[in-house]
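Q: Have a look at this one.
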């Protein structure tokens, strides 16, 4: 029809108009960059002001809930122990499993409160916690202390998290724990200014006895901080009487401040044995532990070469454990032995497979130069496997008559003891029976109960200073 208007003309006009204003805004932004920044700032501020009432309510409620939680912890009638659980954020070695088993066997008690403090207490959706390497035990005695920032906080999360993390020690102090427990020599910086009776576990003094076997940073860390723990601790726990005597002889602590609490039967308690790793023959000898200088692996390899020269049917040697530090030469030795066909290095082994290896080994060999306790010795006895180990005081204390001993620096003598176990069936059965009997002295429930007794004693020594208000 004449004079009719195309229905698309209006949208075309709008498109041209929009294009004009878009070009105009871009031109203004190029010519007046400050005005552009001011515009965006005011726009963002406007959005923030519109949401501020809701965010203020959220922030106020969160702060109120934090105060209520702190007040609740301050009014706890049970014995309260603050526990540094940072070892559970690292790959679990002896110290990590020691702490895990303690928590596991105390979790169901209703007469104590264990406050578990991770490496950092403050978390948010933008700055979440790292996860521990194992799932934490749970139970009525355990409480993980943390402060999780809500999504709609009235301030930005990054400065809030940084500000709060600088004040974590103050937050721990407000909990008014009667005892602070350092399961790994010394408390973290988080606890440095926190009141309460201090109990620390000293696992060994390798940095004094065999310093050349340790990493430089480990030596420096112990040198810087251990003296402070030894001087400030109300009570010290050692995992063997041998360690207690070393502390006294080196004048680190008086005898009256040291309590001996043995480990339980290792990390494999309650673990059902799985299948053997692939390519492991039915007959083999076993060594378990990180491959680092203190474990004396080079001497073990020399022992096996000597043994192979004396016997025609020597079982292969299986090493379980990853390479640690100062092992360049050792790695070459292990590779050469593997190429010769009489050694297999498995590296890290899952617990179920490790339990099977322990129980099926012909002998467990433990030629370590120095230990604070020696968990592989207890694990061998628990598995019903004969043990040959270093002739050092702590292993005599742990294994007693359930093992054969040889000087760690004499591989030929170690080889003769291994040969006795492999060729004398009566001796094998006698060692297994002695090990089973000896094992009754090592129990994680007993370890947990004795550790709790030390905490109670430490709290009692500070009683006039740790009575809670109200």
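Q: Rg and Dmax of the range 75-260, using alpha carbons, in Å: what are they?
A: Rg and Dmax of the range 75-260, Cα atoms, are 17.7, 58 Å.
Q: Could you bin all the Cα-Cα distances of the range 263-326 into 10 Å bins starting at 0 and give me the percent of pairs in each, rounded to whole numbers?
A: 16, 39, 36, 9
Q: Which value, in nm² and rounded to one decimal, describes the direction-averaged projected area of the C-alpha convex hull of the range 363-408?
A: Mean projected area of the Cα convex hull: 2.6 nm².
Q: Once you keep just the Cα pairs under 8 angstrom separated by 6 or more residues, what percentage relative contact order results for the range 75-260?
A: This gives 18 percent for the range 75-260.
Q: Now, a different point. Using the C-alpha gyration tensor of the chain, what are the square roots of 5 times its eigenvalues, in whole angstrom, with the largest one first?
A: Ellipsoid half-lengths, sorted descending, are 58, 33, 20 Å.
Q: When the Kirkwood radius is taken over all Cα pairs of the range 85-135, what Stokes-Einstein diffusion coefficient follows at 20 °C and 1.002 mPa s, in µm²/s?
A: For these conditions, the coefficient is 174 µm²/s.
Q: Return P(r) of the range 208-308 (all Cα-Cα pairs; 5 Å bins starting at 0; whole %; ordered from short to long distances).
A: Taking every Cα pair in the range 208-308, the percentages come to 2, 8, 12, 14, 17, 15, 12, 9, 6, 4, 1.
Q: Another one. Could you list 373, 366 so that the one with the fewest beta carbons within 10 Å of its beta carbon is first and the one with the most is last?
A: So the residues, fewest neighbours to most, are 373, 366.
Q: Still on this model: Divide the volume of the convex hull of the Cα atoms of the range 284-441 by its number of residues and quote the answer in cubic angstrom per residue.
A: 100
Q: If you don't mind, another one. On a 0 to 90 degree scale, rounded to 10, what angle separates helix 411-423 from the longest Cα axis of the chain?
A: Helix 411-423 sits at roughly 80 degrees to that axis.
Q: While we're here: Helix 8-31 versus the longest principal axis of the chain: what is the Cα-based angle in degrees, 0 to 90, to the nearest 10?
A: 70
Q: What order do you get for 175-188, 445-458 when each peptide is scored by the mean count of other beta carbon atoms within 10 Å, highest first?
A: So the order, starting with the most tightly packed, is 175-188, 445-458.
Q: Related question: Sorted by mean Cβ packing within 10 Å, highest first, what order do the peptides 244-250, 79-85, 355-361, 229-235 take?
A: Ranked by mean Cβ neighbours within 10 Å, highest first: 79-85, 355-361, 229-235, 244-250.
Q: Given a cut-off of under 8 Å on Cα pairs at least six residues apart, what relative contact order in percent is computed for the chain?
A: 14
Q: A further question follows. Tell me, 57, 145, 239, 363 in order of fewest to most beta-carbon neighbours within 10 Å?
A: So the ranking, lowest neighbour count to highest, is 57, 145, 363, 239.
Q: In what order do 412, 217, 143 fall by count of nearby beta-carbon atoms within 10 Å, going from fewest to most?
A: Fewest-to-most Cβ neighbours within 10 Å comes out as 217, 412, 143.
Q: What angle, in degrees between 0 and 90 and rounded to the nearest 10, separates the Cα long axis of helix 33-74 from the longest principal axis of the Cα atoms of the chain?
A: 50
No lab work stands behind these numbers, since they all come straight from the coordinates. This one's a predicted model, so the numbers in the text were calculated from it and none came from an experiment. Cβ sites come from the backbone with ideal geometry, for glycine too, and all protein chains shown count toward neighbours.
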